[in-house]
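In what follows, a single structure is set out as structure tokens and then discussed.
Taken together, the values in this text are just the output of simple stated rules run on the coordinates, not laboratory data. Keep in mind it's a predicted model, so treat the numbers as computed, not measured. Please note: Cβ atoms are built from the backbone with ideal geometry, for glycine as well, and neighbour counts cover all protein chains shown.
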Amino acid sequence: MSADGFVGNPTFVVGHERAVELDDSVLWSRARSGDSDAFGMLFERHARTIYNYCFHRVGSWAVAEDLVSIVFLEAWRRRQKLLPHGKELPWLFGIATNVVRNRRRSERRYSAALGRVPEPIPEPTFADDSDQRVDDEELIGHALGLLARLPRREQEVFALCAWSELSYEDAAIALGIPVGTVRSRLSRARTRLRELDPDIGHDDERMQTVKEAIER
Amino acid sequence: MRGDVSIPPSRDLPPSRLAQRREHLLSEIALPHSRRPLPRRGLLALAAAALIVMVGTASAIGGVRDFILDRGFIGLPPVGATPSTPENGELVVNWVGRLATDPVHGQFVRVWLYADGRIIWSRAGRGSGLIPESANELTSGYLEQRLAPEGVEVVRSELARLFELGRAHLETVADDSTPGPFPFGSPLLVPAGHSSFFGSVEVPGGDELVRLGWYGYGGPEGTPATPEQLAALRRVDVLLTDPASVLPSSSWAVRKIRAYVPSHYEVCMDTSPPKDVSQLLSLLPTHAADVLRGKSLKGSEGDLVEARGGNDLVVIGRSATYCAKLTTEEARNVAGPLSGLDQEPNSHGVILAYRLADPVGNLSPTSIRFEPYFPHGQYTRTDSG
């Protein structure tokens, strides 16, 4: 990385400006000084990840979309936060975890802002996958029903590490807990899930056994 | 499939939607809070409300006795507006939650039903402007309809069934204006397809309220609702949040929507860090301060908390609130002299509140707000930010 934060060669163009792939820390540093364009680039880069994480926590694509907006509005509100280098995404996961956990308060806090979100533009390709999205919600609903039997703290570690594939270290940053606690909570979560369904963990039977567990 | 439990594959936001959300985010963060514009239709609604004030005043002069507002309003009612009657009422149920079934997916709804049939409600959030009677695009304001005794009985019987099915999850809460703890101690967990994402329903039980709460997955710990509980909850949801869709005309006394016009307001000053009440009053224009000085101001102090990092709520300071119950006219005498101040940005367009002093650091600003009283003798803190 050069002194001004550029990494490698230019990789994309936005509007009239030649843009380069800046790492998250540089974008965050600029956002901290009030650069909304830099913050917008962070949004473009990580919105999908946070969108899917929120969906995996609440089970609704529509709600997840609103939560993404809230997560980034909340991140902007806390933009004075100094973050360890390269840990912007885990921090966003942390905000998302809080937003999901305190959804009522979060949504009410930003209800006026959400009220200003424009109505969706009809999008043919999006409409095409609406059936799949309905199926997604059914499947994640089953998974969340199983996960709901765990203590909340274990649910959060499990969703971050197992579903969003965060490292133990990043999950620790997201949750503000020691790495060892992440390990122990994840271990307990897996043990409990196996107790709920002893077949969980055997890859070739996993899908079927989860469905059976839910349908019982 | 990841980890030990099957989950769907990751998906993208549609490109146009991603761009819309990005633009929305940037527009929200670009404008200073105090300069955020109300949506255009909101301005039109306010203009219409102003027109109502003028018409109402003219009607009063012309000798018209009842001045019924046919749309919601923010803050104090226009001069001459007829208050809801009777002034007091016996609460049957209080419902609060976020709907999953409305056309724009996710309005916050509050409903109070009284034994005299009055059903007072508000909707806030995206799509509020789709309700013709709404105050603006951000909120409907508090609106009122009236059920016939038969309609009240239908609700009572469905509530009884729901509470019987959910008896293991009931809890009691104080019957006062304190915002209820949320998330609950032991809510029912409802799947994404349920008619509301989360909520609670409260019925009087002696000196307290008995509450049943529910929440979508990802929230607090709880117990997945059984199909019978879900069905009962869905019936209560729709009865209270969209009664016109399920109740026959015989269940209605007044189906037409009008504004709920209270007889009293709670006027509250919030400050963080806590200040002495005399310091707070010194921030008000003289006439407004004089009105409040003559009232019994009840003070309360507590921790100011914020959700931070991955931790639970973190105490970031102390806050104090001083409140007094005023008649609408008295409240008007306080609000009038404040009109030159900036409205509290976080509440603008949702409740009537003025900023008295900017926040210190990351604490809350010092402000004054006007909350309507409801027929059961309580007011509620209107959430806005």
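Structure notes:
- Rg and Dmax [Cα atoms of the stretch B:237-385; Å; Rg one decimal, Dmax integer]: 18.5, 57
- With coordinates expressed along the principal axes, the C-alpha atoms belonging to the stretch A:74-144 extend over 42, 31, 25 Å, beginning with the largest.
- If the Kirkwood radius is taken over C-alpha pairs of the stretch A:46-190, then at 20 °C and 1.002 mPa s the Stokes-Einstein diffusion coefficient equals 133 µm²/s.
- Projecting the Cα atoms of B:Ser249, B:Met269, B:Leu292 onto the charge dipole of the stretch B:178-297 (Cβ charges, centred on the Cα centre) puts B:Ser249 farthest toward the positive pole.
- Going by neighbour counts of Cβ atoms within 10 Å, the residues B:Val350, A:Val179 line up, fewest first, as A:Val179, B:Val350.
- Over the stretch B:167-293, all Cα pairs binned in 5 Å intervals from 0 give whole-percent P(r) values of 2, 8, 13, 12, 13, 13, 12, 10, 7, 6, 3, 0, listed from short to long.
- Reported value for the stretch B:310-385: 132 Å³ per residue, from the convex hull of its C-alpha atoms.
- Highest-first arrangement of B:292-304, B:70-82, where packing means the average Cβ count within 10 Å: B:70-82, B:292-304
- Alpha-carbon Rg/Rh ratio, for the stretch B:239-313, with Rh computed the Kirkwood way: 1.22
- Per-residue Cβ neighbour rank within 10 angstrom, fewest leading, B:Tyr379, B:Tyr265: B:Tyr379, B:Tyr265
- Residues B:Trp214, A:Trp91, sorted so that the one with the fewest Cβ neighbours within 10 Å comes first: A:Trp91, B:Trp214
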